[in-house]
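Have a look at the structure below, then the notes.
The values are calculated or read from the model by the stated rules, or taken from the named source; none is laboratory data. The shown structure was predicted, so the numbers you read here are calculated from the model rather than taken from an experiment. Positions of Cβ are generated from backbone atoms using ideal geometry, with glycine treated the same way; all protein chains shown enter the neighbour counts. Side chains are part of the model used for accessible areas, which takes the heavy atoms of the whole protein and leaves out ligands, DNA and RNA. Shrake-Rupley method; radii C 1.70, N 1.55, O 1.52, S 1.80 Å.
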Amino acid sequence: MTLALQTIGLEKQFGGLAVTRDLSLNVEAGARHALIGPNGAGKTTVINQLTGVLKPNGGRILLEGHDITHMPVHKRVLRGLSRTFQINQLYADLTPLETIGLAVSERSGHGSDWWRRMGTRADINGEIAENLERFKLLDVMNEPTGTLPYGKQRLLEIAVAIATKPRVLLLDEPAAGVPESERHDILAAVAGLPREVTVLLIEHDMDLVFSFADRISVLVSGALLTEGTPEEVARDPQVKAVYLGEDADV
Amino acid sequence: MTMSTPPEIVGFHARRTARWHWAEFAFWTVLIGCGLLFPSRYLIMTEIVRLGLFALSLDLILGYAGIVSLGHAAFFGVGAYSAGLLALHGIVGEPVLALLVAGLAAAVLGFATSFLVIRGVDLTRLMVTLGIALLLEALAERFSDITGGTDGLQGIVMQPLLGLFEFDIFGKVGFWYTVAVLFVLFLLARRVVHSPFGLSLRAIRNNPLRASAVGIPVNARLVAIYTFAAFYAGIAGALFTQTTQLASLDVFSFERSADLILVLVLGGTGYLYGGLIGALVFKLLQETFSILTPQYWLFWIGLVLVVIVMIGRERLHRWVLFLPRSIARAVRSGKTAAGGAE
Ligand SMILES: Nc1ncnc2c1ncn2[C@@H]1O[C@H](COP(=O)(O)OP(=O)(O)OP(=O)(O)O)[C@@H](O)[C@H]1O
Ligand SMILES: [Mg+2]
């Protein structure tokens, strides 16, 4: 088997609080892998270390076999690792067109062009349009992002991650906080992600997790509790006790 | 024009922000018109245009990349002294060439100090930029054998521009020279801010976390724009020396940096014209208030500042632009009614 993403003995502390504890996680290439766990289990902290936003206190991170533990954030993206944020991280003053355009320009190596104007490369325009269309953003592409409805912003959050053409995509609670009326679009976007992209999904919505994932890892208090297929995890008494039994609406 | 496919529509809208607006043509026409209409006012007009260029430099880092600075005079000063020394010692005689060299000297300083400035939060940046400007002022005073100390550089004589145009006492050549330099640098800045690079600066100002998460090398971009802006400020400083034949310690002064922020508060940031309009308003206010009550100029400008901050520039702009905008709207809707949709 080939591993798209791997952590080896990852450790992270905030002061005295151990938030990631000896975490060794294997995500296979092409997998639909879910990382679940109760609130405060340290899921987002894992993502932040994988993407370089936080420096781990110990352990290693491998992307497609290459050690990226000390690589800066933007270089990991160019190597094919992209993410969405649990809390939207968008550009309030920029439009979806500009947001996507920037991601596409950057990925195609034209991000530092200072002479050529935006919109003058047909191939990039095509890619922007494709992404806007796929995520149903064409109709709002010229509105400042800060004024968009929450569901659209959530779609843009996924669209901008996809626009970097990742081989490994980390989704941190994509459906969180989305009102019921706009939920369908988000679920469709997640379900319609390109099959060749490896996805690590963090989500509290168990319907989404079990319909989406072919493999599930359960994180509790920063450590790996168990890992397996959805059926194995659903049957696991430990998981039932610690996690699924604890809260009905998770 | 028919635009059917999404890529064409996307391209159209992506390029739209970079298109020249009629108000921009009007702006430059008025500027040139002023030069032709008020030949007795070349000196003050040169001052305004130069301040506008200096403010444009700050706008590039503040309005686009979100880097605050309380010490932008550092680059102005380096440009000013470089131009003065180049002329005084006959190192580079031709003013336009000397201007470029002076701008590059400021850019080198900008590049070297950018690494201190880009890390840290706004408050750190304010302190670091302020500190660098103060440091340079002290150094200029200390090395008085080179800079002339508190007396400044004495006896600067400028050679003719491009070997053709002698600087005259009415400031005519100086004015058109300054306007030409501003225009060229403005075109360059306009090009840069509408490029992917320029857009990435706005992205960084909005959300550096997201910017790095789409692969933008945030620090490298900030270093680049800071260096670029330092070049502009250095050019403004060099123009000061070349058109006034003066370079003294006050080119580094804190007041110069602080005034620049006032200019941008008056004119607004992030659309390139803020510095130019702000410079005009600033000088007009300065003139008006100092004629009315010479000793209370600072009081009045302080009052204006407070009013702007309280009311909000957005709202003020809307009030000021109410008439021109309604005219523009009327014209446009007339056109649409006559000629169909765009
Ligand atoms: N920057 C930080 N400094 C200190 N403590 C932090 C920091 N970030 C997270 N924590 C703590 O680390 C623990 C794990 O947080 P994290 O956000 O990773 O959990 P999570 O599994 O994503 O939770 P949720 O499901 O609520 O999103 C929490 O106790 C949180 O308070
Ligand atoms: Mg989280």
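Below is a table of values for the structure above.
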item	result
Wholly within region B:193-247, helices (runs of 4 or more DSSP H) carrying at least 2 residues that are more than 27 Å from B:Gln159 (Cα to Cα), open to solvent by 10 Å² or more (accessible area, probe 1.4 Å) and touching a residue at least 12 places away in the same chain (Cβ under 8 Å)	B:196-206, B:218-244
From A:Val239, A:Val199, A:Val190, A:Val178, residue being more than 27 Å from A:Ala103 (Cβ to Cβ) and either within 16 Å of ligand 2 (Cβ to nearest atom) or away from chain B (no Cβ under 14 Å) (or both)	A:Val239
Neighbours by Cβ (under 6 Å, 6+ apart or cross-chain): first from region A:86-103, within 16 Å of ligand 1 (Cβ to nearest atom); second of a type in the set (D, E, K, R) and in a helix (DSSP H, G or I)	A:Asn88/A:Glu157; A:Gln89/B:Arg210
Condition met for B:Phe54 (touching a Gly at 6+ places or on another chain (Cβ under 8 Å), buried (at least 18 other Cβ atoms within 10 Å of the Cβ) and aromatic (Phe, Trp, Tyr))	yes
Restricting region B:1-39 to residues that are touching a residue at least 12 places away in the same chain (Cβ under 8 Å) and open to solvent by 50 Å² or more (accessible area, probe 1.4 Å), the residue that is farthest from the chain's Cα centre (by Cα)	B:Met1
Among (1) open to solvent by 40 Å² or more (accessible area, probe 1.4 Å); (2) under 19 Å from the mean Cα position of the chain (by Cα); (3) not basic (Lys, Arg), the one test that B:Ala133 misses	(1)
Filter result for A:Ile47 (open to solvent by less than 10 Å² (accessible area, probe 1.4 Å), under 26 Å from B:Pro208 (Cα atoms) and within 13 Å of ligand 2 (Cβ to nearest atom))	yes
Odd one out for B:Ser212 among (1) under 30 Å from B:Ile32 (Cα atoms); (2) modelled with pLDDT of 95 or more; (3) of a type in the set (Gly, Ala, Ser)	(1)
Unique residue being of a type in the set (A, V, I, L, M, F, W, C) and away from ligand 2 (no atom under 16 Å from the Cβ) when the list is A:Val53, A:Val73	A:Val73
Matching residues in region A:15-70 - criterion: being farther than 26 Å from A:His204 by Cβ and within 14 Å of ligand 1 (Cβ to nearest atom)	A:Gly15, A:Gly16, A:Lys55, A:Asn57
Pairs, first farther than 18 Å from A:Leu171 by Cα in region A:44-64, second assigned to a loop (DSSP other than H, G, I, E, B) and more than 10 Å from ligand 1 (Cβ to nearest atom), C-beta under 6 Å, six or more apart	A:Arg60/A:Thr69
Some residue of region B:182-189 being crowded, with 20+ Cβ neighbours inside 10 Å, under 28 Å from A:Gln86 (Cα atoms) and more than 7 Å from every other protein chain (Cβ to nearest Cβ)	no
Tabulated pairs, region A:25-39, first farther than 14 Å from A:Leu169 by Cα, second open to solvent by less than 10 Å² (accessible area, probe 1.4 Å) and more than 16 Å from ligand 2 (Cβ to nearest atom), C-beta under 7 angstrom, 6+ apart or interchain	A:Leu25/A:Thr7; A:Ile36/A:Ile216
Region A:33-63, residues that are on the phi > 0 side of the Ramachandran plot and part of a strand (DSSP E or B)	A:Gly59
Any hit, region A:89-96, residues being away from every other protein chain (no Cβ under 14 Å) and open to solvent by less than 40 Å² (accessible area, probe 1.4 Å)	no
Conditions (1) among the polar types (S, T, N, Q); (2) away from ligand 2 (no atom under 16 Å from the Cβ); (3) open to solvent by less than 20 Å² (accessible area, probe 1.4 Å): number failed by A:Gln13	(3)
Residue match in region A:100-119 (condition: more than 7 Å from chain B (Cβ to nearest Cβ) and closer than 30 Å to A:Lys240 by Cβ)	no
Subset of region B:232-250 (residues that are hydrophobic (A, V, I, L, M, F, W, C) and at pLDDT 95 or above)	B:Ala233, B:Ile235, B:Ala236, B:Ala238, B:Leu239, B:Phe240
Count - residues of region B:42-51 that are over 21 Å from B:Tyr273 (Cβ atoms) and open to solvent by 50 Å² or more (accessible area, probe 1.4 Å)	1
